[in-house]
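**Student:** Structure provided below as structure tokens; questions to follow.
Derivation of every value follows stated rules applied to the coordinates shown; laboratory data play no part. Just so we're clear, the structure is a prediction, and the values are computed from it rather than from any experiment. With ideal geometry, Cβ positions are generated from the backbone for all residues, glycine too; neighbour counts draw on all protein chains shown.
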């Protein structure tokens, strides 16, 4: 399993460590859309809520968990409120696998699902936040392999089943995650200016950029998914 050229670790590192990104996420270490359906008031709260939603989809919260594509580690830090942090576990032996907004970039997602199934214990849980894309522009730029451009939630479930998973649940959370993120991103510069943390001129420039980014994400992502599945006992 590989990652396409534009999503190499060095590329993500530059994006996540940028001053504007860190400021928007409140220096929390997060870099995801978050979950806004529970009334989050900030991107940091929404990102915490998304991790909590993932944990809620894991059947056994007492075992070992693998956090795939953990970014700067904020989601892993959040998981320590539920899981221990000892690193003396054997390889290929996990009770749960969690992956937030990473699987769509893997080459391919199907290979990742097979690997997740392989490393899980019997009865282990898979919890994911993932996206479906309606256009191929992201694929053309190397960010999403064409094999990952699935047409529907039903097909997504089929791929999970083909990898050997059962108890599959794929939920459309587009409004609660992507929609909330885009709305917050668009209004963030104004909120920063009113709070005295951003000058008027800078807030105007940031507003243009943030609104363009929000529009891009809104158009490029068809469906935002919350996913859970289990390896058979």
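**Student:** Return the distance in nm (one decimal) between the two label points of a simple spin-label model at residue 175 and residue 38, each offset 7 Å from Cα along Cα→Cβ.
**Tutor:** Taking the two extended label points, one gets 1.9 nm.
**Student:** Calculate, for residue 220 and residue 155, the FRET efficiency according to 1/(1 + (r/R0)^6) with r their C-beta to C-beta distance and R0 22 Å; round to the nearest 0.05.
**Tutor:** Efficiency for this residue pair is about 0.70.
**Student:** For residue 162 and residue 135, FRET efficiency with R0 = 22 Å and r from the beta-carbon atoms, rounded to 0.05?
**Tutor:** 0.35
**Student:** Turning to a different aspect of this structure: What is the distance, in nm, between label points placed 7 Å from the Cα along the Cα-to-Cβ direction at residue 199 and at residue 93?
**Tutor:** According to this spin-label approximation, the distance is 5.8 nm.
**Student:** If each residue's Cβ is checked for other Cβ atoms within 10 Å, how do 50, 149, 200 rank with the fewest at the top?
**Tutor:** Lowest count first: 200, 149, 50.
**Student:** Starting from a Cα-only point model with no solvent, please compute log10 I(q)/I(0) by Debye for segment 116-233 at q = 0.20, 0.21, 0.22 1/Å.
**Tutor:** Ignoring solvent entirely, the Cα scatterers give -1.04, -1.10, -1.15.
**Student:** Please compute the modelled spin-label separation between residue 62 and residue 114, points set 7 Å along Cα→Cβ, answer in nm with one decimal.
**Tutor:** Output for this residue pair reads 3.4 nm.
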